[in-house]
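Visitor: Below is the structure I would like to discuss, written out as structure tokens.
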Amino acid sequence: MTRFTQAELEAARDRLVPDVVAGGLRVLFCGINPGLMTAATGHHFARPGNRFWPVLHLSGFTPRLLKPDEQGELLSYGLGITNVVARASARADELTAEEYREGGKLLREKVVRLAPRWLAVVGVTAYRVAFDDRTAQVGPQARVLGGTRVWVLPNPSGLNAHWTAATMAEEFARLRVAAEE
């Protein structure tokens, strides 16, 4: 993996990270916002220690462990990635409630346009704020966006100590099974 100086990471704050999307996906995964490593590399969930890629594999969504720079392969599995908020930051707590709400509005529009079978938001707090649903829990939601069902997944950040890779993989696998029905 390429090493970046702190100055290079800080300079990446202004870079937009392109979505990995197509119409009619099985699952569109939605991160909170790009971290600085993601912005610097242009690859989603690029920070070492983020468990997204290992959990995606452990849950059976991918036949092998993908690296962030292989994110384009997700489309061949009917999977994609976007974010609630496009702005890169060092930590999600740097985002404002207004950014989450605006991001939720834009995400709704994107989901209706792309029509994935499932939208999977990775981060219950981000989902609660973006969709004004203070009682949401991890798991399937009653909300439907167009014809797209919504599932909230645990945040795969290494900072989320409440979930292990194994327990996250179990929740991701529940979604995988639902997406195959």
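Visitor: Please go through region 80-113 and pick out each residue that is open to solvent by less than 50 Å² (accessible area, probe 1.4 Å) and in contact with an Asp or Glu (Cβ under 9 Å, 6 or more places away or on another chain).
Guide: Listed by number, the residues that qualify are Gly80, Ile81, Thr82, Asn83, Val84, Val85, Ala88, Gly104, Lys110.
Visitor: Tell me, which strands (runs of 3 or more DSSP E) lie completely within region 116-181 with 1 or more residues that are not hydrophobic (A, V, I, L, M, F, W, C)? Please lay out each step first, then the result.
Guide: Working: elements: 118-122, 139-145, 148-153.
Filter on region 116-181 gives 139-145, 148-153.
Visitor: Write out, first by first residue and then by second, each pair whose Cβ atoms fall under 8 Å of each other, whose residues are 6+ apart or on separate chains, and whose first residue, in region 28-52, is under 15 Å from Met168 (Cα atoms) while the second is open to solvent by 10 Å² or more (accessible area, probe 1.4 Å) and assigned to a strand (DSSP E or B).
Guide: Every condition considered, the pairs that remain are Gly31/Asn83; Asn50/Gly35.
Visitor: While we're looking at this one, here's another question. What's the number of the condition Thr5 fails, among (1) within 17 Å of the chain's Cα centre (by Cα); (2) surrounded by fewer than 15 Cβ atoms within 10 Å (Cβ to Cβ); (3) modelled with pLDDT under 90?
Guide: Failed condition: (1).
Visitor: Still on this structure, I have one more. Of the residues in region 68-86, how many are free of Cβ contacts under 8 Å to residues at least 24 places away in the same chain and of a type in the set (D, E, K, R)?
Guide: At the first step, the residues of region 68-86 found to be free of Cβ contacts under 8 Å to residues at least 24 places away in the same chain are 70, 73, 76.
Now drop any that are not of a type in the set (D, E, K, R), which leaves 70, 73.
Qualifying residue count, region 68-86: 2.
Visitor: Sort through Val144, Val150 and tell me the only one that's of a type in the set (Val, Ile, Thr), in contact with a strand residue (DSSP E or B) (Cβ under 9 Å, 6 or more places away or on another chain) and surrounded by 20 or more Cβ atoms within 10 Å (Cβ to Cβ). Outline the logic, then answer.
Guide: Working: Val144 fails: surrounded by 20 or more Cβ atoms within 10 Å (Cβ to Cβ).
Just one listed residue meets the conditions, Val150.
Visitor: Out of the residues in region 153-178 that are more than 16 Å from the chain's Cα centre (by Cα) and over 26 Å from Thr96 (Cβ atoms), state the one that is least open to solvent (accessible area, probe 1.4 Å).
Guide: The residue in question is Ala178.
Visitor: Of all residues being among the small types (Gly, Ala, Ser) and in a loop (DSSP other than H, G, I, E, B) in region 60-79, which is surrounded by the most Cβ atoms within 10 Å (Cβ to Cβ)? Just the residue, please.
Guide: Filtering region 60-79 for residues among the small types (Gly, Ala, Ser) gives 60, 72, 76, 78.
Adding the requirement that they be in a loop (DSSP other than H, G, I, E, B) leaves 60, 78.
Details: Gly60: 13, Gly78: 17.
By that ranking, first place goes to Gly78.
Results for (1) of a type in the set (D, E, K, R); (2) within 17 Å of Gly80 (Cα to Cα), shown as yes or no for each residue.
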| residue | (1), (2) |
| --- | --- |
| Ala97 | no, no |
| Glu102 | yes, no |
| Leu106 | no, yes |
| Val152 | no, yes |
| Thr167 | no, no |
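Visitor: Would you confirm whether any residue within region 35-45 is more than 11 Å from the chain's Cα centre (by Cα) and either among the aromatic types (Phe, Trp, Tyr) or more than 21 Å from Leu95 (Cβ to Cβ) (or both)?
Guide: Going through region 35-45, the residues more than 11 Å from the chain's Cα centre (by Cα) turn out to be 35-43.
Checking the rest, the ones that are also either among the aromatic types (Phe, Trp, Tyr) or more than 21 Å from Leu95 (Cβ to Cβ) (or both) come to none.
No; the residues of region 35-45 include none that is more than 11 Å from the chain's Cα centre (by Cα) and either among the aromatic types (Phe, Trp, Tyr) or more than 21 Å from Leu95 (Cβ to Cβ) (or both).
The values are calculated or read from the model by the stated rules, or taken from the named source; none is laboratory data. The structure presented is a predicted model; accordingly, all values stated were derived computationally and were not measured. Virtual Cβ from ideal backbone geometry, glycine too; neighbours counted across all protein chains shown. Keep in mind that these areas ignore ligands, DNA and RNA; they rest on the heavy atoms of the full protein, side chains included. Shrake-Rupley method; radii C 1.70, N 1.55, O 1.52, S 1.80 Å.
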